[in-house]
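Okay, structure first, notes after.
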Amino acid sequence: MPERPPARRTRKPASSDRGTDLERRCRLTLQQMNHRVPQQSLRFETTDSLDPLEEVIEQERALKALQVGLRIQKRNFHVYIAGASGTGKSSILKRLLREVALPNPVPPDWCLVHAFRHPESPQALSLPPGMGTRLRSMMETFVSDLQAEVPKAFHAKPHQERIQRILNDGLEQENRAFLDLSREASQIGFLVKQTKEGLMTLPLQDGKPIGNKEYAELTEEQRADVDARRQQLEPIVGRFLEVTREIEVSVHRKIQEAQRELGETVVQRHLGPIRAAFQGQEAVLQWLQSVGAHVVDNLPRFLPDENENRKRQRPMVEYQVNVLVDHSETTGAPIVIENNPTYHNLVGKIEKRVENGIYSTDHTMVKAGALLRANGGFLVLHIRELLTFPFAWEAVKGVLRNQRLVIEEMGEAWQFLPTTGLRPDPIPVQCKVILIGSNWHYHLLSQFDEDFGKLFQVKAEFDSQMRCNDEAILEYARFVATTCKREGLLPVHRDGVAAVIEYGMRRAGAADRMTLRFNEITNLLVEADALARDDQSPRIERSHVEAARRQRQHRVSLIADRTLEEIEDGVVRIDTSGQAVGVVNGLAVFQFADLVFGRPLRISAKVFQGKGGVINVEREARLAGNTFHKGVLILSGFLGDRFAQKRPLSMTASLTVEQSYGTIDGDSASCAELCALLSALSGIPLRQDLAITGSVSQSGEVQAIGGINEKIEGFFQVCKARGLTGTQGVLLPRSNVRHLVLDPEVLEACRQGTFHLYAVEQVEEAIELLTGRPAGTLEDDGQWTPGSVFARVAERLESWSSRGGKPGDTDPGGTEKPGDGDGEEGTRSPSRRRKRPSSRSRPGRPGP
């Protein structure tokens, strides 16, 4: 068998006029890669001379949607605000809410009172704004006045004289009845006496009462006569007792009537002002009528002796008014922003007290939630927190669907902990709910919750980027001025403003766009202000802004520095000089929380005879996501289009990312993989002082990818650490040129000619730059340009195909030893591989 050739080759790339012209045509000029803010757009010295920004920047689409959603006061027209964090969603919403809510009428107050017929179901009362606290205050005064007036009225001389007359009349009737009893008893031969124990009847003998001793000395006939007479007396005594009971009942009834008349007089005198204050409020007047009747029926509770023990048990709670919602100080429709949307904070709760180990409650311990406080107005919730708390989302939907609210315990509502207690009356609720969240939450709810789409008819989507033009730049500068005044920062020089805008471009990932995530801009300005004050500078200069950027990056870049050290120390093998067959420097982006950085990855390809096709080692090892594998599969389409029009492909190729031990995703390495594969098939080495990134189509078009700035800077840092040679650089898709917002250090190296950027549109351009040879064109006779890369590839594939891929045959290319493939191109899809198609990796994972 032929000896395997070395993997690395040291020969220089072949030079040609075509290659020189291609390099010159593809190399980017400093003007193409250095996108600075034009000075003519910043016609001011410092931000002190700029007017504050009162309007929102750019978000016209979201503003129109919000205006429509807030203006429509119909059922189910609730609003969902979507967008990235820091784009000003909350601040813009608050401003619009104030404008919309102010002209609207103030909704009514809501009170909860004791229901005398059904004590377990407190009654809800709707009152004009501010009248709830007035009713509560007047009822407190009413109870305290009765506690003072009722005892006085009961002890007043006219009332006491009336009671005494009733008692005297009753006593006189009892005396007359007793005289009648005594007379009838005497006729029968008995004497009747009244004792403490009751009536005592004594028989008479010879006109004198006899006791037990004398009764025992009587003869049988005499005793029989006494017993006969006693039997005659018993009905008379019974009638007397019945008469006296009737007299007592009559006296008691008359006393009660007198007390009720007195009580009604006192109660009505004190209820009169309350009735007058709430004229026209039928529900309140009916309840006051029930209060009056209950007070009259329970007048003894207002007397001092009985009150002594009731003070420890919250006396007179039936007459207290619980003001659930008070709008006495509200102007316009209420605006409620609930940052902790638990079930009870939204719906309300019924508090309890513990006395001697026993839980108890009443209507005064019912508390309103955000939904009731926002009734007739607007309720703002954050969807992430809302979905976090159990039952909160379902409770909100239930209220919006039914347009009524029942304050009850969570266990009662969901029947997992039934309890006996209060169940207040349902309260009608009409409020507009505004949810703030991400697009991901919006799509998730739209797909899995059918109620969401019915209830939230308006979506206001905030953009995270804006196009960069002279008008937008001026608005951005005014935002910087507004932030400085609001936060008490030093003014920013116009060059410093330009640096801030360039930072906004970098955060947007494009030179013709700026980020709208203003919290990041504000944080940068705060740090730049601190640095300027340390320098005792009267204003913030460009140097302070750039220093703040470096400072922010340095704080989080420990992992990035460690990966660079591993490459410098040779732990991770990356070549930045020389040539090698089937080996190319790809580029990947790593993301760890707020740290995003790029690093080169060594991609290698091995080819041999067989029918296995292109084998993705990462996929076989379950270390590749779907998008990464898609990029590999595209290579088969390209090879088939270029080299299998007349005969089938007969080859096996193995592609891998060397020293990659985590899950990798994205298709931005597909162009690099194709170049490595073409190099392995042709036996022509690739330059190791160049790195390449970009996805590729089946037609060979090099397509845009994400994270271009981080990838270029990552390879530059490796080259700089080993020493810039003047030949090093990066190949990138031409469609990514507009995304270049590079670090000043990279731009300076490009200006000095020690580092280069090449923009390519076709894989043919990339392979020519990497090999120094023409990629080749298909001639009229169906053959590739002699000596080209594609010609060498076609020769090898034709050789393998003509021999049927038999192992052990001589390989005309002489660069790889033939071998059998496994014949299995498609393998079982691993369950651990990534699902999200993205050019950027998940946190902590590389993504080419």
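Evaluated over the Cα positions of segment 196-270, the convex hull gives a direction-averaged projected area, one quarter of its surface, of 7.3 nm².
In deg cm²/dmol and to the nearest 500, what is the mean residue ellipticity at 222 nm of the chain if only DSSP H runs of at least 4 residues count, each as -39500 (n - 2.57), divided by the residue total? List each step's numbers first, then the result.
On the way: 29 runs with 387 residues, N = 848.
Computed mean residue ellipticity for the chain: -14500 deg cm²/dmol.
You can think of it this way: the chain between ASP225 and ASN339 has 31.4 nm of extra reach, that is 0.36 nm per residue less the Cα-Cα gap.
Heavy atoms only, 1.4 Å probe, whole protein assembly: order SER186, SER788, SER90 by accessible area, highest first. Could the numbers behind the result be given before it?
Values: SER186 70, SER788 0, SER90 45 Å².
Correct descending sequence by accessible area is SER186, SER90, SER788.
Can you find, among GLN222, THR244, PHE190, the residue sitting farthest towards the positive end of the charge dipole of segment 172-261, where Lys and Arg contribute +1 and Asp and Glu -1 at Cβ? Projecting each Cα onto the dipole axis, the largest value belongs to THR244. Remark: segment 609-614, residue by residue, has Karplus-estimated 3J(HN,Hα) of 5, x, 10, x, x, 8 Hz, where x stands for each Gly or Pro and the curve is 6.51 cos²θ - 1.76 cosθ + 1.60 at θ = phi - 60°. One way to sum up the overall shape of segment 353-491 is the equivalent ellipsoid from its Cα gyration tensor, whose semi-axes run 42, 21, 14 Å, largest first. Taking the protein heavy atoms of the chain in the context of the full set of protein chains, the accessible area attributed to carbon and sulfur is 48 percent at 1.4 Å.
Residues of the chain: accessible area per residue at 1.4 Å, in Å²? The partial results should precede the final answer.
Details: 41400 Å² over 848 residues.
Ligands and nucleic acids excluded, the figure is 49 Å² per residue.
How far apart, in nm, are two points set 7 Å out from the Cα along the Cα-to-Cβ line at LEU191 and at ALA721? Using points 7 Å along Cα→Cβ, the separation is 13.0 nm. Distances between placed amide hydrogens fall under 5 Å for VAL760 paired with LEU732, ARG734, all partners being 5 or more residues away or on another chain.
Which whole number in µm²/s is D for segment 682-779 by Stokes-Einstein, with the Kirkwood Rh taken over Cα pairs at 10 °C and 1.306 mPa s? Spell out each step's value before the answer.
Values: Rh = 14.1 Å.
Roughly 113 µm²/s, to the nearest whole number.
Which percentage, to the nearest 5, of the DSSP beta bridges contained in the chain is antiparallel?
On the way: 56 of 89 bridges.
Bridges in the chain that DSSP calls antiparallel: roughly 65 percent.
Around the Cα centre of segment 342-387, unit charges on the Cβ atoms of Lys, Arg, Asp and Glu (plus for the first two, minus for the last two) sum to a dipole of about 100 debye.
In this calculation the C-beta distance from LYS397 to ARG71 is compared with R0 = 41 Å, giving a FRET efficiency of 0.95. Gain on full extension, evaluated as 0.36 nm per residue between HIS159 and GLN40 minus their Cα-Cα distance, stands at 33.1 nm. Just how far, in whole angstrom, is segment 71-97 from segment 152-192 if you go by their alpha carbon centroids? A separation of 81 Å, based on Cα centres.
Need one number for segment 587-665: average projected area of the convex hull over its C-alpha atoms, nm².
Numbers: hull surface 23.9 nm².
For segment 587-665, averaging the hull's shadow over all directions gives 6.0 nm².
For segment 77-128, the pair-distance distribution built from all alpha carbon pairs, in bins 5 Å wide starting at 0, is 4, 14, 12, 14, 11, 10, 10, 11, 9, 4, 2 percent. Heavy-atom accessible area, probed at 1.4 angstrom with all protein chains present, ranks PHE240, PHE178, PHE389 as PHE389, PHE178, PHE240, highest first. Once the Cβ-Cβ distance of SER144 and LEU202 is raised to the sixth power relative to R0 = 45 Å, the FRET efficiency obtained is 0.20.
Converting phi to 3J(HN,Hα) with the Karplus coefficients 6.51, -1.76 and 1.60 and the offset θ = phi - 60°, segment 327-342 yields 10, 5, 10, 8, 10, x, 6, x, 10, 10, 10, 9, 8, 10, x, 6 Hz in sequence order, with x at every glycine or proline. Annotation: extensible slack from SER360 through ALA593 equals 78.9 nm (criterion: 0.36 nm per residue apart, minus Cα-Cα distance). With a cut-off of 19 Å, note down the residues of segment 88-127 whose backbone N falls inside the zone around a label point 7 Å from the Cα of LEU63 toward its beta carbon. Zone members listed by number: 88-102.
Each Lys and Arg adds +1 at its Cβ and each Asp and Glu adds -1 at its Cβ; summed about the Cα centre, the chain shows a dipole of about 1920 debye. Between (i) 51; (ii) 67; (iii) 56, which matches percent of Cα pairs over 36 Å apart calculated for the structure shown? For percent of Cα pairs over 36 Å apart, the calculated option is (ii). Counting only residues at least eight positions apart within a chain, or on another chain, the lysines with an alpha carbon under 23 Å from that of LYS152 are LYS254, LYS311. In terms of distances greater than 18 angstrom between alpha carbons, the cross-link table entries LYS349/LYS432; LYS94/LYS432; LYS432/LYS454; LYS367/LYS432; LYS397/LYS454; LYS397/LYS432 yield LYS349/LYS432; LYS367/LYS432.
Spin-label pair SER438-GLU565: with each label point 7 Å from Cα along the Cα-Cβ axis, the two points sit 3.2 nm from one another. For LEU686, the residues 5 or more places off, or on other chains, whose built amide H falls under 5 Å of its own are ALA580, VAL581, GLY582, VAL583.
Projecting the Cα positions of PRO122, LEU102, PRO151 onto the charge dipole of segment 96-178 (unit charges on Cβ atoms of Lys, Arg, Asp and Glu, taken about the Cα centre) puts LEU102 furthest along the positive direction. Computed over the alpha-carbon atoms, segment 49-176 gives an Rg to Rh ratio of 1.42, Rh here being the Kirkwood radius from the mean inverse distance. Shown in residue order for segment 538-549 are the 3J(HN,Hα) couplings computed by the Karplus curve 6.51 cos²θ - 1.76 cosθ + 1.60 at θ = phi - 60°: x, 8, 8, 9, 4, 4, 5, 5, 5, 5, 5, 4 Hz (x for Gly and Pro). The distance separating the Cα centre of segment 649-706 from that of segment 464-520 comes to 38 Å.
The values are calculated or read from the model by the stated rules, or taken from the named source; none is laboratory data. Just so it is clear, the model here is predicted, and its values are computed rather than measured. FYI the Cβ positions are ideal-geometry reconstructions off the backbone, even for glycines, and counts take in every protein chain you see. For accessibility, only protein heavy atoms count, side chains too; no ligands or nucleic acids. Shrake-Rupley method; radii C 1.70, N 1.55, O 1.52, S 1.80 Å.
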